[in-house]
1. Specify which of the listed residues (ASP26, ASP43) is free of Cβ contacts under 8 Å to residues at least 24 places away in the same chain, closer than 15 Å to SER75 by Cβ and either in contact with a helix residue (DSSP H, G or I) (Cβ under 9 Å, 6 or more places away or on another chain) or exposed (fewer than 15 other Cβ atoms within 10 Å of the Cβ) (or both).
2. Go through the chain and tell me which strands (runs of 3 or more DSSP E), entirely inside it, have 2 or more residues that are among the acidic types (Asp, Glu) and in contact with a strand residue (DSSP E or B) (Cβ under 7 Å, 6 or more places away or on another chain).
3. So, ASP26, is that one charged (D, E, K, R), at pLDDT 95 or above and within 10 Å of the chain's Cα centre (by Cα) or not?
4. Could you tell me which of the residues ALA63, ALA37, ALA21 is out of contact with any Gly (no Cβ under 8 Å at 6 or more places or on another chain), in contact (Cβ under 8 Å) with a residue 24 or more places away in the chain and buried (at least 19 other Cβ atoms within 10 Å of the Cβ)?
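The values are calculated or read from the model by the stated rules, or taken from the named source; none is laboratory data. Bear in mind the structure is a predicted one, so any value in this text is a computation, not a measurement. Cβ sites come from the backbone with ideal geometry, for glycine too, and all protein chains shown count toward neighbours.
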Amino acid sequence: MSANLKEMNLKADGIVCTGCAKDMEDLLLDKEGIEDASVNFIDDIIQVRYNPDVIDRKHVYMAVRRLGFPVKIISEN
């Protein structure tokens, strides 16, 4: 991970399949400033790496919320 990138891990409820997870990853990667997104539908974990010079943590969180699932932040660094 690049020194200037931040990471946020979120717990979601209700991701049901790999197709949904892939679509979610694609939608997140379309957001400017989000450099990497990984969705684990088995554990309902969404991991996002972002550039804080381009997008702030609030907008990353809101981008994940807009995917339509209840989420909560479980870790950040």
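1. Being free of Cβ contacts under 8 Å to residues at least 24 places away in the same chain, closer than 15 Å to SER75 by Cβ and either in contact with a helix residue (DSSP H, G or I) (Cβ under 9 Å, 6 or more places away or on another chain) or exposed (fewer than 15 other Cβ atoms within 10 Å of the Cβ) (or both) holds for just one of ASP26, ASP43, which is ASP43.
2. Counting at least 2 such residues, we get 34-40.
3. Against the criterion (charged (D, E, K, R), at pLDDT 95 or above and within 10 Å of the chain's Cα centre (by Cα)), ASP26 does not qualify.
4. None of the others qualify; the one that does is ALA63.
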